[in-house]
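The values are calculated or read from the model by the stated rules, or taken from the named source; none is laboratory data. None of the values given here were measured: they were computed from a predicted structure. In this analysis, Cβ positions are derived from the backbone assuming ideal geometry, glycine residues included, and neighbour counts consider all displayed protein chains. Accessible surface areas use protein heavy atoms only, side chains included; no ligands, DNA or RNA. Shrake-Rupley method; radii C 1.70, N 1.55, O 1.52, S 1.80 Å.
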Amino acid sequence: VCLEPLRQMLADCVGAGIEYNFNSAFRSLKEQEAILEYRTKEYEAKDMDSMDAYMKARETVALPGTSEHHTGLAADIVAKSHQVLDDSQEKTAEQQWLMANSWKYGYVLRYPSDKCDITKIIYEPWHYRYVGKEVAQYLYENDLCLEEYWLQLADMDPEKYGYILEEVTPEQIV
């Protein structure tokens, strides 16, 4: 369902003179576990205790089994000439093109800079998620992230319910 639109989007990207590189697409459960463990150890090496390191890692790494990469619906796409996963990615021609056009193919920038308080994930100007053309257009035209759309579908008040996905507390991680 999402492969052909992705191929078309990337072909059109190349047709516009933009070069990209895949940083990550599908990830197995084992790969996601390894990424979370690696990121946790990075923070522990910065003198964080293991629980704080784990919680900090969770700001950028989804729990194994909950990653959009595990569904096959997400892809991390970066500039071929700038393969750094940080905010500077948004300034590249590749990201400018993708941010302006991905919705036309059913993809959305999943974690926009102005929605971090809602998604509970850091800004990731490289992470695109397939949602289908109709939903992508609606999100784009109404400046919504996926959580806001889900709240609208459920007719929930974001002030009352907050965001959809619960945060995992340290007590739950035993």
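Tabulated data for the structure shown
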{"quantity": "Stretchable slack from GLU19 to MET51, in nm (0.36 nm times residue separation minus alpha-carbon distance)", "calculated": "7.6 nm"}
{"quantity": "Convex hull volume per residue in cubic angstrom - Cα atoms of region 98-143", "calculated": "66"}
{"quantity": "Surface share of carbon and sulfur [accessible, 1.4 angstrom probe, percent] for region 5-59", "calculated": "50"}
{"quantity": "Pairs of lysines in the chain (C-alpha under 12 Å apart; 8 or more residues apart or interchain)", "calculated": "4"}
{"quantity": "Cβ-defined net charge surrounding LYS56, 11 Å radius [Lys, Arg +1; Asp, Glu -1]", "calculated": "-2"}
{"quantity": "Karplus (6.51, -1.76, 1.60) ³J(HN,Hα), θ = phi - 60°, over region 38-48, in Hz, Gly and Pro reported as x", "calculated": "4, 5, 4, 5, 4, 6, 4, 5, 9, 6, 8"}
{"quantity": "Summed residue charge, Cβ within 13 Å of THR92's Cβ, Lys/Arg positive, Asp/Glu negative", "calculated": "-3"}
{"quantity": "Probe 1.4 Å, accessible area per residue of the chain, Å²", "calculated": "58"}
{"quantity": "Value at 222 nm in deg cm²/dmol, rounded to 500, when DSSP H runs of n ≥ 4 in the chain each add -39,500 (n - 2.57)", "calculated": "-12000 deg cm²/dmol"}
{"quantity": "Positive dipole terminus of the chain, leading residue within LEU153, PRO5, SER24 (C-beta point charges)", "calculated": "PRO5"}
{"quantity": "Scaled radius of gyration (Cα, divided by 2.2 N^0.38 Å) that region 68-139 gives", "calculated": "1.04"}
{"quantity": "Alpha-carbon centroids, region 66-129 and region 29-54: separation in whole Å", "calculated": "22"}
{"quantity": "Degrees separating the helix 133-142 axis from the principal Cα axis of the chain, which is the longest one", "calculated": "80"}
{"quantity": "Neighbourhood net charge (13 Å Cβ-Cβ; Lys/Arg +1, Asp/Glu -1) for GLN137", "calculated": "-1"}
{"quantity": "Rg [Å, one decimal], Dmax [Å, integer] - region 1-136, C-alpha atoms", "calculated": "15.4, 48"}
{"quantity": "Net charge dipole size for the chain [Lys, Arg +1 and Asp, Glu -1 on Cβ; Debye, nearest 20]", "calculated": "640"}
